[in-house]
Amino acid sequence: MPVLENFEKEHSSDRLHQLNDALESGMFVQVRAMLNQLPAADVAHMLESTPPKERKVLWRLVDSDREGEVLQFLNEDLLKAFAEEKAPAELAAAMANLDTDDLADILGDLPDKVTKEVLASMGYQDRIRIEQALKYPEDTAGGLMNTDTIAVRPAVTIEVVMRYLRMQKEIPKNTDSIYVVDTHDILVGTVQLSTLITSQPDQMVDEVVDHEIKAIHASLPDADVASIFERHDLVSSPVVDDEGKLLGRITIDDVLDVMIEDADHSLMSMAGLDESDDTFAPVFTSAKRRALWLGINLITVIAAASFIGIFEKSIQAVAALAVLLPVVASMGGIAGTQSLTLVIRGMSIGHISSNNFRWLVFKELGVSLLNGTLWAVVVGMSAYFWYINTENYAVYAVGLGISVAGAMVINLITGAVIGAMLPMILTKMDIDPALSGGVILTTVTDMVGFISFLGLATIFVA
């Protein structure tokens, strides 16, 4: 598998170089041919991997009948930029052949004005279908689902069902089962295609239906949907409303997108960035987005640094304190980040609940106590031997060792406990822990590290 991954990366890089070389040479006919031979996902990858000036040229070279396919794979910034260049009727025509869920995802990322104009330019049936999908938030099962389901009644024979399937030009992709509904479209059960094929033609659907339905409610968050698919190894699952009426289905390719987006979100949020941020966005756009987060971080750093001023006289008396201060703060921050990351991951995959959270906090407390004691001894002894032979600090070596060791234990315990508790607290406050947890944790561990070390040093050294 790693070999295939490396090949894909190298192949993608080679194609990008070829396209750039052809563009620089003005060989637009060759570029158009190369672009339109690639799968839509690869074209989108090329566009996202190209600086703004070149990507505009590449976009104009994409065949109009493929634009809709490419749009569904673009990040939000590029999607908005390219979609707003087209008239609503042209945009609707370009996306006419997309699946309902993909079309709803695209329209959900566009400004409301553009979405309304595109919907107004669609035919009645298409508009109703899309509006139904847009009723549900993008991050729910209803927002993920596609309406391309195959449903049959229980009181028909297998032969009738097979004849119906043959009449279709094609069945929806990732179809592993068909759904059985009553006269009110209430979901009764499912029939696997393998069961359908191996059953006798004169058997009734009701005889082979599986009533153990793994149906998903339309309002279920997409992270929970992904967890259900993972636990039960599903390829697809029906989506129902409060009454149990069949609305559509979710397929594994949609769930895979959710998993990737959640992973991107967690990674990018740690730095205050959005998972859809354009790597090659213009300088001003990127600077504007990052400025706010840098400002928030500056405020927290100033708040933490202000505590150092309380012990200014101690630092002036013993300059070694300024040397050792970052060690204490850094170790607490790392211990806290380990706990924070572990808990956020556990929450995202459904491992953590109110029943086991208390045990987890005490576990992190125990881990931090053991590691804190171990590294406190190491750092304390290092500080002692570092300064014992220095004429100016020989008197303070023992005090320094005790101070830095004690502060290390205090800060590691604080970091681990806060890191474990913070995600649950922020989640209950409807704040994304991946976005805000790191900043809050760093501020707390810095403050506790500064106060504990300088406080102990004031007692034992200064």
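Here's the yes/no breakdown for (1) of a type in the set (Lys, Arg); (2) assigned to a loop (DSSP other than H, G, I, E, B); (3) without any contact (Cβ under 8 Å) to a residue 40 or more places away in the chain:
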site	(1), (2), (3)
Phe73	no, yes, yes
Asp77	no, no, no
Lys86	yes, yes, yes
Leu91	no, no, yes
Ala96	no, yes, yes
Ile106	no, no, yes
Tyr136	no, yes, no
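State all residues of region 37-57 that are surrounded by 15 or more Cβ atoms within 10 Å (Cβ to Cβ) and within 16 Å of Phe73 (Cα to Cα); if no residue qualifies, say none.
Leu38, Ala40, Asp42, Val43, Ala44, His45, Met46, Leu47, Glu48, Ser49, Thr50, Arg55
Quick one: Asp126 ticks every box in (1) under 30 Å from Thr285 (Cβ atoms); (2) among the acidic types (Asp, Glu); (3) part of a helix (DSSP H, G or I) except a single one, so which number is it?
Among (1) under 30 Å from Thr285 (Cβ atoms); (2) among the acidic types (Asp, Glu); (3) part of a helix (DSSP H, G or I), the lone unmet condition for Asp126 is (1).
Looking at (1) modelled with pLDDT of 80 or more; (2) in contact with a helix residue (DSSP H, G or I) (Cβ under 6 Å, 6 or more places away or on another chain), which is the only condition Phe362 fails?
The number of the failed condition is (2).
Among the listed residues Ile178, Ile186, Ile150, identify the single one that is exposed (fewer than 15 other Cβ atoms within 10 Å of the Cβ) and under 34 Å from the mean Cα position of the chain (by Cα).
None of the others qualify; the one that does is Ile186.
Only residues in region 18-33 that are modelled with pLDDT under 75 count as the first member; pair them with residues that are assigned to a loop (DSSP other than H, G, I, E, B) and of a type outside the set (Gly, Ala, Ser), Cβ under 9 angstrom, at least 6 apart or cross-chain, and list the lot.
Within 9 Å, the pairs are Leu19/Thr50; Asn20/Thr50; Asp21/Met27; Leu23/Thr50.
Considering only residues that are under 18 Å from Thr147 (Cβ atoms) and touching a residue at least 60 places away in the same chain (Cβ under 8 Å), look in region 207-221 and name the one that is surrounded by the most Cβ atoms within 10 Å (Cβ to Cβ).
Checking each candidate, the answer is Ile216.
Quick one: is Ile213 assigned to a helix (DSSP H, G or I) and either touching a Leu at 6+ places or on another chain (Cβ under 7 Å) or under 27 Å from Asp105 (Cβ atoms) (or both)?
no
For region 195-245, how many residues are of a type in the set (A, V, I, L, M) and touching a Phe, Trp or Tyr at 6+ places or on another chain (Cβ under 7 Å)?
So the answer is 1.
Starting from region 333-355, take each residue that is surrounded by 15 or more Cβ atoms within 10 Å (Cβ to Cβ) and list its partners that are β-branched (Val, Ile, Thr) and in a loop (DSSP other than H, G, I, E, B), counting only C-beta distances under 8 angstrom and pairs at least six apart or across chains.
Once the first residue is surrounded by 15 or more Cβ atoms within 10 Å (Cβ to Cβ) and sits in region 333-355, its partners that are β-branched (Val, Ile, Thr) and in a loop (DSSP other than H, G, I, E, B) give Val343/Ile352; Gly346/Ile352.
Kindly provide the set of residues from region 163-175 that are surrounded by 12 or more Cβ atoms within 10 Å (Cβ to Cβ), without any contact (Cβ under 8 Å) to a residue 24 or more places away in the chain and within 22 Å of Asp254 (Cβ to Cβ), ordered by number.
Ile171
Mind checking which residues of region 407-439 are free of Cβ contacts under 8 Å to residues at least 24 places away in the same chain and in a helix (DSSP H, G or I)?
Residues satisfying the conditions are Ile425, Leu426, Lys428, Ser436.
Which members of region 416-437 meet the condition of being under 22 Å from Ile302 (Cβ atoms) and in contact with a Leu (Cβ under 7 Å, 6 or more places away or on another chain)?
Ile418, Leu422, Ser436, Gly437, listed by residue number.
The values are calculated or read from the model by the stated rules, or taken from the named source; none is laboratory data. Note that the coordinates shown come from a computational prediction; the quantities given were computed from them, not determined experimentally. Note: ideal-geometry Cβ built from the backbone for every residue, glycine included; neighbour counts use all protein chains shown.
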